[in-house]
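S.K.: Right, I'll just put the structure down here and ask away after.
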Amino acid sequence: MTNTSENSGYLIPLGFRFSAVKAGLKKSGRTDFALIVADTPASAAAVFTANRVTAAPLIVDKQHLTATGGKVRVAAINAGNANCAAGQAGLEAARATCAAAAEAFGCLPEEVFPSSTGIIGVPLPAGKLIAALPAASAALGRELDHFEQVAQAILTTDTVEKTAFARLQVAQSDGTAKEVRIAAAGKGSGMIHPQLVPHATMLVYVLTDAAIEPAALNAYLTRAVEVSFNRISVDGDTSTNDTVLLLASGASGASIGADNPEFAAALTQVCTSLARQVVADGEGITHVVELRIDGAASDADALKVAKAIAHSPLVKTAWAGGDPNWGRLVAAIGYSGAQIDPDRIDIQFGELPICRDGGRAAGFDEAAAHDYIAKPEFSIAIQLHQGPGSCIFWTTDLTHEYIHINADYSS
């Protein structure tokens with residue numbers, strides 16, 4: 001299995017075409033409307049935000065996936081407007097876009113999967129998207145450049161495009177092996193604390209040319225999301241539009257059943273790569289932090305500890321200043337709701353001993369600890385000595401620049 005984001009044209013999955021055009025939604029005038037078009041209806045699985053305020057396209061997406069039994073022909077994605085908190089007009093805008101795309105590509109409106117990202121509470125001018133459809137259709141192509149145009153068009157406050165690729169050989173029932181490709185594009189920089197469930201935003205589109213039934217595809221996606229996108233946080237805010245869509249075209253001719261460890265590993269690898277890219281592009285961040293929680297009473301408790309630390313403004317601002325104030329970590333562990341024994345907590349910054357048995361480690365070197373967390377990326381390991389639970393979680397610091405970006409976002 002390989003994974004790379006450079007010179008990966010040969011890794012674009014078969015059976016898909018891509019394009020991006022300017023519909024006039026972004027104030028910058030950059031491309032803001034992208035299409036992913038499957039040659040034939042692709043098997044589909046999706047997970048969406050747990051936020052109870054849900055954008056119109058997500059409501060439509062769930063209805064469409066139910067109506068088709070998990071089939072998608074066209075993903076129509078706009079940036080510059082979230083189409084959220086727009087009431088009935090927002091639903092009508094999403095459905096009008098789907099109807100126009102269906103007419104353009106000769107499919108059912110229910111086979112169109114709309115997505116939006118941008119400012120909440122502003123009516124979506126669907127007419128601009130519909131007017132841009134002919135140009136978007138004419139620009140469709142299968143090359144890496146076309147795929148990267150989609151990755152670029154969906155960005156909002158992001159500073160870089162985010163893509164990930166993998167390929168693997170899959171054994172078939174006749175004894176042969178066929179190549180399967182996976183490619184993913186995503187966006188996300190702020191409002192990042194996805195809580196994705198199977199039923200400023202993070203949008204992710206994962207494509208494969210394997211033949212996989214929707215039910216099996218859903219199971220693969222749910223497992224991959226749980227250890228990737230559900231293990232990141234920039235600012236603790238859960239967006240109204242978070243979406244991860246997985247499409248399988250079947251164009252490679254490689255059939256994958258419900259339990260293929262190699263495909264599951266490759267999908268998780270791609271999702272984890274994109275998740276870490278989202279964190280690394282967090283708004284105004286200067287540090288990416290990997291939290292390794294071990295010895296929790298359960299995996300759920302380990303995740304509680306990781307989130308308490310990742311969402312603490314005191315912890316995150318200390319990281320921004322390179323301050324090795326481990327007391328803030330202990331405090332967050334204490335209010336996390338996880339089962340703990342304060343006298344058995346151990347903490348390390350990389351290989352540096354920081355806290356032992358709930359107190360300052362004998363070998364604690366404040367200067368060395370400061371130098372270590374001054375690095376752009378660092379790791380913190382926490383051992384709770386309560387049980388077998390563990391998790392890995394990626395997060396960031398919190399800086400003045402984050403405030404500037406979000407204070408000025410809609411102006």
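The values are calculated or read from the model by the stated rules, or taken from the named source; none is laboratory data. Note that the structure is a prediction, hence the values are computed from the model and not measured. Counting neighbours? That spans all protein chains shown, and the Cβs are built from the backbone with ideal geometry, glycine included.
S.K.: Is it fair to say Gly363 is surrounded by fewer than 19 Cβ atoms within 10 Å (Cβ to Cβ), in contact with a helix residue (DSSP H, G or I) (Cβ under 8 Å, 6 or more places away or on another chain) and not in a strand (DSSP E or B)?
M.R.: Considered against the rule, which asks whether it is surrounded by fewer than 19 Cβ atoms within 10 Å (Cβ to Cβ), in contact with a helix residue (DSSP H, G or I) (Cβ under 8 Å, 6 or more places away or on another chain) and not in a strand (DSSP E or B), Gly363 comes out as no.
S.K.: Would you pick out the residues in the range 157-186 that are surrounded by fewer than 23 Cβ atoms within 10 Å (Cβ to Cβ) and of a type in the set (S, T, N, Q)?
M.R.: Thr157, Thr159, Gln169, Gln172, Ser173, Thr176
S.K.: Could you check how many residues of the range 32-58 are part of a loop (DSSP other than H, G, I, E, B) and either buried (at least 24 other Cβ atoms within 10 Å of the Cβ) or not assigned by TED's automatic domain parsing to the domain that holds Thr243 (or both)?
M.R.: The total comes to 2.
S.K.: Buried (at least 22 other Cβ atoms within 10 Å of the Cβ) and in contact with a Leu (Cβ under 8 Å, 6 or more places away or on another chain), is that true of Ala100?
M.R.: no
S.K.: Which number in (1) of a type outside the set (Ser, Thr, Tyr); (2) touching a Ser or Thr at 6+ places or on another chain (Cβ under 8 Å); (3) assigned to a helix (DSSP H, G or I); (4) within 13 Å of Met202 (Cα to Cα) marks the one condition that Arg276 misses?
M.R.: For Arg276, the exception is condition (2).
S.K.: Please name all residue pairs, on different chains or six or more residues apart, with Cβ atoms under 9 Å, provided the first residue is in the range 369-380 and is crowded, with 18+ Cβ neighbours inside 10 Å and the second residue is in a helix (DSSP H, G or I) and of a type outside the set (Phe, Trp, Tyr).
M.R.: Ile373/Ala318; Ile380/Ile309; Ile380/Leu329; Ile380/Ile373
S.K.: Then there's this: Run Glu92 past the list (1) of a type in the set (Asp, Glu); (2) touching a Leu at 6+ places or on another chain (Cβ under 9 Å); (3) more than 16 Å from Thr117 (Cα to Cα) and report the number of the one that doesn't hold.
M.R.: (2)
S.K.: Counting just the residues of the range 267-298 that are surrounded by 24 or more Cβ atoms within 10 Å (Cβ to Cβ) and small (Gly, Ala, Ser), which one comes out modelled with the highest pLDDT?
M.R.: Here the residue is Ala296.
S.K.: I need the full set of residues from the range 299-319 which are crowded, with 19+ Cβ neighbours inside 10 Å and of a type in the set (A, V, I, L, M, F, W, C), in order please.
M.R.: Ala302, Leu303, Val305, Ala306, Ala308, Ile309, Ala310, Val315, Ala318, Trp319
S.K.: Residue pairs, Cβ under 6 Å, 6 or more apart or interchain, first in the range 149-170 and part of a loop (DSSP other than H, G, I, E, B), second among the basic types (Lys, Arg). List them.
M.R.: Qualifying pairs under 6 Å: Ile154/Lys187; Leu155/Lys187; Asp158/Lys187.
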